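The values are calculated or read from the model by the stated rules, or taken from the named source; none is laboratory data. For clarity, every value in this text was computed on a predicted model and none was experimentally measured. Virtual Cβ from ideal backbone geometry, glycine too; neighbours counted across all protein chains shown.
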Amino acid sequence: MKQEYFEIGQIVNTFGIKGFVKVNPFTDDMQRFGELNYVFVVRNKELLKMQIEEVKYHKNVVLVKFKGIEDINMAEQYKGCYIRIKREDARKLPKDTYFIADLIGVSVFDENDNFLGKVNDIYNNKVHDIYVIKDDLGKQILLPSTKEIIKQIDVENDRIVVHLIDGLV
């Protein structure tokens with residue numbers, strides 16, 4: 001089942017005294033925040049729909065002012081909260097690219113149909129994404145997301161096929 005919401009950032013602090021919060025973005029393009037009218041903030045396990053009033057960019061963080069949050073004391077209550085958007089509000093992806101949320105948990109096989117494990121995590125090392133594959137015993141394999149290694153991704157059928165080269169495993 002596809003995830004209904006995507007996390008796009010975390011409120012890490014307040015900024016100034018007028019109610020801005022400092023957001024650590026999880027998206028590839030932090031300018032994305034400026035295109036949104038509202039987001040969902042997860043606070044005390046509750047999903048709060050919050051209207052965005054203003055967005056600024058400062059170094060590698062996004063400064064967001066939510067409607068109704070007028071001072072630092074009100075903003076303080078949201079520190080540590082995650083920000084989500086609905087799947088349908090996400091940008092359309094180019095061909096052969098996937099949302100990380102859709103790849104986590106997908107089964108990974110080598111070209112001989114041997115089960116290697118499931119995608120446990122994906123992180124970026126500036127050059128390309130690294131897929132963290134974990135088997136049932138907890139053993140991890142790190143695979144670079146290159147055309148040489150990742151041969152087929154079929155999210156609908158829960159299957160990724162990879163080509164293992166010497167030195168990877």
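Some points to look at:
- Filtered residues of segment 122-136 (kept if part of a loop (DSSP other than H, G, I, E, B) and farther than 15 Å from V108 by Cα): N125, K126, V127, H128
- Subset of segment 152-168 that is within 15 Å of K95 (Cα to Cα) and at pLDDT 90 or above - its residue that is farthest from the chain's Cα centre (by Cα): Q152
- Within segment 32-60, considering residues that are of a type in the set (K, R) and free of Cβ contacts under 8 Å to residues at least 12 places away in the same chain, the one farthest from E7 (Cα to Cα): K59
- Hey, G105 surrounded by 15 or more Cβ atoms within 10 Å (Cβ to Cβ), at pLDDT 90 or above and of a type in the set (G, A, S) or not: no
Matching residues to (1) in contact with an Asp or Glu (Cβ under 6 Å, 6 or more places away or on another chain); (2) over 30 Å from D154 (Cβ atoms):
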{"position": "G9", "(1), (2)": "no, no"}
{"position": "V12", "(1), (2)": "no, yes"}
{"position": "K18", "(1), (2)": "no, yes"}
{"position": "D29", "(1), (2)": "no, no"}
{"position": "L36", "(1), (2)": "no, yes"}
{"position": "N44", "(1), (2)": "no, yes"}
{"position": "K65", "(1), (2)": "yes, yes"}
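- Test: residue in segment 22-32 that is at pLDDT 90 or above and assigned to a loop (DSSP other than H, G, I, E, B): no
- Answer residue from segment 42-95, given it is exposed (fewer than 10 other Cβ atoms within 10 Å of the Cβ) and within 17 Å of the chain's Cα centre (by Cα) and is farthest from K18 (Cα to Cα) among those: P94
- In segment 122-146, the residue that is nearest to the chain's Cα centre (by Cα) out of those that are charged (D, E, K, R) and modelled with pLDDT under 90 is D129.
- Just one of the numbered conditions (1) surrounded by 16 or more Cβ atoms within 10 Å (Cβ to Cβ); (2) at positive phi is not true of P25: (2).
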